[in-house]
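Working notes for the structure below.
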Amino acid sequence: MTIRHMKIFLEVYRLENITQAAKTLHMTQPAVTRTIQEIEQHYGVRLFDRMNRRLFVTEAGRQFYAQALHIVESFDRMEKGLLNGDAFGVLRVGASISLGNFFLPDLVSAFCRERPDMKVKVMISNAGNLQRGLLNNELDLALIEGGISEPELETRAFSEDRLVLIVPVGHELAVKEKVFVRDLKEYDLLAREKGSVGRTLVDHVFAVRGMTPEPLWESASTQAIIKGVQKGIGVAVLPEMLVEREISEGRVCKREIEDEGFERVHYVVWHRNKFLTDGGRRFMDMAVEKGGQKGR
């Protein structure tokens with residue numbers, strides 16, 4: 001016995017006519033008749049009496065109708081919720097630290113104004129944790145800087161930024177005429193933790209030049225690294241958006257690196273097998289729209 005059997009029965013019950021029910025169901029009359037017979041044979045009851053080419057509902061038919069109607073309505077509600085996750089009112093979004101600080105709050109605020117019945121549940125973490133969250137279906141979408149290492153994840157670019165070198169005020173690199181990547185190996189490096197996109201990019205840039213970074217500090221806190229640079233403990237390569245204020249206020253000094261732009265693309269990321277709801281797709285579109293506006 002299937003939901004399809006019950007839906008066909010309900011239509012026949014409503015119209016009390018197999019031919020008309022077949023038309024509304026876009027089925028053949030024999031197929032509808034066969035379905036009713038299958039139900040009757042399965043339960044060993046007669047649902048309709050057939051007299052003078054008319055159908056008359058039996059007592060068993062009325063009892064079956066009351067139960068089938070409830071079951072089909074419950075199934076339809078469940079199916080609507082599963083096929084449209086927006087019915088549950090929650091979108092689970094992850095973001096890397098930079099994007100979580102500077103891009104995500106405005107995006108979530110705009111999305112919630114447009115979709116007031118939905119809530120956006122957010123996790124801010126490094127790229128490694130976000131990718132695991134997507135793979136384990138703990139997140140619906142994630143905003144991540146830079147490349148994605150997992151082949152099961154799909155991406156859509158929405159913005160870009162770059163990393164910059166910051167050094168203490170008065171540091172010798174602050175007055176050096178030109179700075180190259182190789183110069184950084186002479187100084188204590190303060191870096192993000194392994195697994196973060198920024199750290200992965202720095203490691204890659206060093207590696208292609210035959211260098212291996214050995215950070216004096218490793219931290220998940222960007223602010224801790226900025227403070228360390230400000231206090232003269234070392235130098236760091238961090239997202240420009242995260243250090244703009246300290247640079248403009250003269251608390252740290254920014255230097256361009258001649259042989260490396262440290263540029264990277266930001267992506268909306270999701271699992272390739274993930275069903276994206278209308279709300280999820282709209283959130284992605286808004287990220288692209290907002291990212292494009294930010295770039296102009």
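Only the coordinates and a few stated rules stand behind these numbers; no lab work does. Predicted model, so just to flag it, every value in this text is computed and none were measured. Reconstructed Cβ throughout: ideal geometry from the backbone, glycine too, with neighbour counts over all protein chains shown.
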Which entry in (i) 19.9; (ii) 21.9; (iii) 23.6 is this structure's computed Kirkwood radius over Cα pairs in Å? (iii)
About the Cα centre of the stretch 3-82, what is the dipole size in debye to 20, counting +1 per Lys and Arg Cβ and -1 per Asp and Glu Cβ, all else neutral? 220
Pairs of lysine residues in the stretch 179-296 - Cα separation under 21 Å, sequence separation of 8 or more or cross-chain: 7
Using a Gaussian network model of the chain whose springs link C-alpha atoms within less than 10 Å, name the residue from 131, 230, 67 with the highest mean-square fluctuation. 67
Here the FRET efficiency for residue 31 versus residue 59, based on Cβ atoms and R0 = 30 Å and rounded to 0.05, is 0.70
Once you place label points 7 Å from the Cα toward the Cβ at residue 221 and residue 149, how far apart are they in nm? 2.6
Sorted by chain and number, the residues with a modelled amide H under 5 Å from that of residue 179, at a separation of 5 or more or across chains, are 258
Can you tell which of 150, 172, 246 shows the greatest fluctuation in a Gaussian network model of the chain with Cα springs below 10 Å? 172
Roughly how many Å is it from the Cα centre of the stretch 1-34 to that of the stretch 191-211, as a whole number? 65
At R0 = 30 Å the Cβ-Cβ FRET efficiency linking residue 178 and residue 272, nearest 0.05, sits at 0.10
Once you have the Cα-Cα distance between residue 288 and residue 15, take 0.36 nm times their residue separation minus that, and quote the gain in nm to one decimal. 93.3 nm
How high is the FRET efficiency between residue 258 and residue 76 when r is their beta carbon distance and R₀ equals 41 Å, given to the nearest 0.05? 0.05
Those aspartates and glutamates that a straight Cα-Cα span of less than 20 Å connects to residue 121, excepting residues fewer than 8 apart in one chain: 86, 106, 138, 140, 145, 278, 285
Listed residues 245, 62, 132, most fluctuating in the chain (Gaussian network, C-alpha, under 10 Å): 62
Cα convex hull volume per residue for the stretch 41-196, in Å³, equals 211
Hey, rough spin-label estimate for residue 233 and residue 102, points 7 angstrom out along Cα→Cβ, what's it come to in nanometres? 2.2
Among 56, 26, 170, whose Cα sits farthest toward the positive end of the charge dipole of the chain (+1 at Cβ of Lys/Arg, -1 at Cβ of Asp/Glu, about the Cα centre)? 56
Taking a straight Cα-to-Cα line shorter than 16 Å from residue 176, and setting aside same-chain aspartates and glutamates fewer than 8 residues away, one finds 186, 256, 258, 259
Local electrostatic count, residue 180, Cβ distance below 15 Å [Lys/Arg +1, Asp/Glu -1]: -2
